[in-house]
1. Among the listed pairs B:Lys218/B:Lys268; A:Lys113/B:Lys177; A:Lys42/A:Lys226; A:Lys138/B:Lys177, which have their C-alpha atoms separated by more than 30 angstrom in this model?
2. In 10 Å bins starting at zero, report the fraction of Cα pairs in region A:139-206 per bin as a rounded %.
3. Using a Gaussian network model of chain A with C-alpha springs under 10 Å, which one of A:Val156, A:Val200, A:Val268 is most mobile by mean-square fluctuation?
4. At 7 Å along the Cα-to-beta-carbon direction for both B:Phe108 and B:Arg264, put a label point, then send me their distance in nm to one decimal.
5. Quick one: of the DSSP bridges fully inside the protein assembly as shown, what percent are antiparallel, nearest 5?
6. Test of understanding: in a Gaussian network model of chain A with alpha carbons linked when under 10 Å, which of A:His78, A:His163, A:His187 would top the mean-square fluctuation ranking?
7. Taking the Cα centroid of region C:151-190 and of region B:239-269, what is the distance between the two, rounded to the nearest whole Å?
8. Would you mind calculating the gained length between A:Arg37 and A:Arg68 on full extension (0.36 nm times residue separation, minus the Cα-Cα distance), in nm to one decimal?
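Taken together, the values in this text are just the output of simple stated rules run on the coordinates, not laboratory data. The shown structure was predicted, so the numbers you read here are calculated from the model rather than taken from an experiment. Every residue, glycine among them, receives a Cβ derived from its backbone with ideal geometry; neighbour counts consider all protein chains shown.
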Amino acid sequence: MSTIEIKNLSKSFGKNQALSDVTLTLKENCIYGLLGRNGAGKSTLMNIINNRIFADSGEILIDGIPSRDNDKALGKLHMMGEQLLYAPSLKVSEMFKAAACFYPEYDMEYAMKLSEEYKLNTKAKLQKLSTGYRSIAKIINALACNADVVFFDEPVLGLDANHRDMFYRQAIEKYNSRPATFVISTHLIEEAAGLIERAVVIKDGRLLLDEDTEAIRSMGYSVSGKASLVDEFAKGREVMSEDTLGGLKTAYIKGDRFSENIPDELEVQPLSLQSLFIHLTNS
Amino acid sequence: MTKHSFTASYKYQVRRIIFMLILTLCAALVAEIILVAIANYGIDGRLTLEGIGFPCLDALSGLMLFIYGAYFLAEFMNAGAANGVSRTTSLVSAIASNFTVSAALALFVSVVSPLINSLSDSGSDIFLLEFIYGEKKFFEFYGENAFVVRIRFFIMCTLSVFLCAMVGILFAAAFYKLSRVGTVIFTLIIVFVPAFGYPMASISLAKRGIDLDSCMKKFFTEVERAFGMAHVNGSQAGDFVRGGFMMLLTAVVMGFIAWLIVRRANAKPAAIRGD
Amino acid sequence: MKIRKLIPIIMCALCLTACADIPEVRESIPEDEQTVIAPPENGWTAEELAKVSYFDGVQLSYPITLRSLGSAYGVLLDFKSSDGDTTYSIGKDIMSLDNYANIRASDGAAELSPDTEITEFWSYSENISVNGIKMGADKDAVILALGEPDSIDDTSYDVVSVYTYLDRNTGRTILEINVIKENGCVTVISLGDK
């Protein structure tokens with residue numbers, strides 16, 4: 001089981017500062033949600049950790065070992081990326097066999113079992129698969145490799161609802177049977193919310209948040225009711241945003257709802273992970 | 001680099017190259033057999049294999065390994081990046097796998113070429129290397145053991161084919177690292193400098209009293225001497241030790257340059273149509 | 001011992017065996033250092049002629065063999081003539097037929113070997129010289145350098161006269177020089193012992 005320490009990581013692509021001084025620790029045996037808007041720097045961060053691209057400055061340590069170009073450290077990681085790094089002419093089964101060469105604990109039986117469940121044709125070439133099935137092939141490969149830390153970059157891209165549900169279920173089953181660190185980057189936050197134990201939010205290349213999802217849920221709440229009552233309540237509190245509909249208003253407020261004295265006339269709701277994410281990244 | 005990561009990379013790469021190579025070689029052999037039979041039938045109405053020969057199969061092998069060395073490097077780099085292997089390991093194992101395949105190919109050439117040539121009286125059993133380092137029959141004529149002569153040619157064939165693979169790897173390393181614009185510029189330089197740049201430089205320098213052609217001739221003669229080639233050696237016998245050493249040294253230098261290029265190269269996945 | 005450990009050892013052994021003896025090359029002597037003597041009064045012997053004869057700068061020996069030339073020459077071509085003898089073309093560079101010589105081996109030799117006595121050795125190139133006489137030399141220079149030939153054949157060929165020199169002891173033909181009738185220039189030099 002492995003811990004990843006990211007220290008002062010920065011990366012720019014020309015004039016675009018993709019990552020700026022990111023410091024983060026990914027603990028062992030935890031499912032992380034790596035969240036951020038498009039272009040926030042999530043894929044860049046994952047690619048750097050997995051040695052697919054190189055940072056301009058900063059350091060990454062895996063179990064205390066610098067990871068840059070270090071097979072001992074990198075061998076503990078696997079990344080399911082958006083881009084396909086295998087030869088497109090390779091068959092799915094050949095991709096599994098290739099990965100099995102690199103990961104000593106690769107579970108080929110499990111990979112074939114999942115392929116059957118997803119109805120993935122393992123004799124098909126990768127380039128002939130649809131976007132969805134290519135993602136499935138990569139997901140199965142990632143789940144079967146049994147690496148200490150597995151990164152999923154947009155794993156459900158192109159998947160239908162059934163397949164997405166299958167993925168979440170299988171990820172949890174895998175995690176329960178063989179604990180590891182999963183880092184899942186996704187835009188479908190609400191779907192993945194049940195899976196994620198800890199959320200890391202990146203905004204404009206900087207680390208905005210690194211918290212347990214339970215703690216995040218208590219970071220804000222919404223109050224709804226008559227506009228005047230809501231305004232009255234919201235005075236002196238940190239309002240993230242407001243929605244108005246006729247005489248009714250909803251205010252999204254930062255803070256712990258349990259420590260507040262909220263009038264009975266107002267309806268109070270906890271903020272979902274997605275809502276909090278939207279408000280945090282909008283502000 | 002760990003033993004496991006190197007071994008895993010190496011096994012993956014050897015499997016990939018050898019399969020393609022066997023396919024290509026078998027196709028070449030079958031095509032040769034069919035074409036010779038058809039040609040003989042066209043000439044005198046008999047479907048025979050007279051005239052079949054595979055001279056300079058070592059040159060063809062070198063060309064194939066140049067192509068495959070270049071073709072597979074990006075895939076090997078990317079497969080390594082996909083599976084937790086560093087660029088250094090991917091490159092070193094690519095060099096090792098290319099060397100292994102070169103040796104296998106040299107063995108194939110040493111055994112198969114004479115076999116094919118023996119199918120016909122007029123077939124000639126001569127490698128390109130023999131033009132450069134002396135014919136096998138020359139050394140046997142002067143009393144060298146036939147087995148030793150063949151082992152030596154096998155080694156030289158391996159090294160020369162490996163050197164061709166390294167040239168391919170070096171080119172591929174440059175293309176892997178360069179951006180799209182850089183790749184275009186690099187390609188244009190390779191294509192146009194020999195075709196236009198050299199003649200233009202030659203004419204321009206001639207006006208200044210500098211004979212570029214004779215300078216280049218002297219340069220190439222020195223290179224041939226450095227590689228122990230026969231026709232600058234004053235004999236049909238080339239200097240194998242020097243030639244082998246220079247081939248290895250050149251391969252090592254190329255490998256080092258390729259490593260300097262790719263060690264910080266971002267993984268560049270192959271494009272898939274429709275994505 | 002495991003096979004995996006044996007393989008590198010076998011490979012090294014093979015490499016070492018392959019660096020076996022390579023045929024040596026004799027030094028070629030520059031033209032101005034090559035031996036030139038006054039022709040003997042009563043004619044030449046084969047040994048005396050060999051000492052003043054050079055091919056590619058290498059002094060010939062008597063009897064002439066491929067090994068005596070420094071083992072630098074391989075057989076480029078061979079062809080059987082109508083009289084049953086085999087003529088071999090020998091040269092240093094298999095990529096070029098520019099500098100080569102033709103030879104015939106001694107009678108009865110089944111196959112050419114490095115030590116087979118060569119009975120005829122002739123060249124059309126400038127690489128052969130006999131007592132300073134090379135391709136293109138004037139017939140007067142030939143007589144000055146080699147003495148009067150034992151016979152001159154003007155009738156066998158239309159274009160050339162053949163100057164023949166015999167061994168003063170054995171009476172065997174040891175040198176034939178073809179001279180173009182029109183301009184008196186040497187065109188072929190043929191050494192031998194036949």
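1. Values: B:Lys218/B:Lys268 41 Å; A:Lys113/B:Lys177 39 Å; A:Lys42/A:Lys226 40 Å; A:Lys138/B:Lys177 25 Å.
Pairs exceeding the cut-off: B:Lys218/B:Lys268; A:Lys113/B:Lys177; A:Lys42/A:Lys226.
2. With a bin width of 10 Å, the distribution comes to 18, 57, 23, 3.
3. Ranking A:Val156, A:Val200, A:Val268 by mean-square fluctuation puts A:Val268 first.
4. A separation of 3.9 nm, rounded to one decimal place.
5. Restricted to the protein assembly as shown, the bridges split so that about 80 percent are antiparallel.
6. A:His163
7. So the separation of the two Cα centres works out to 60 Å.
8. Numbers: separation 31, 0.36 × 31 = 11.16 nm, distance 2.70 nm.
Extra length available between A:Arg37 and A:Arg68 comes to 8.5 nm.
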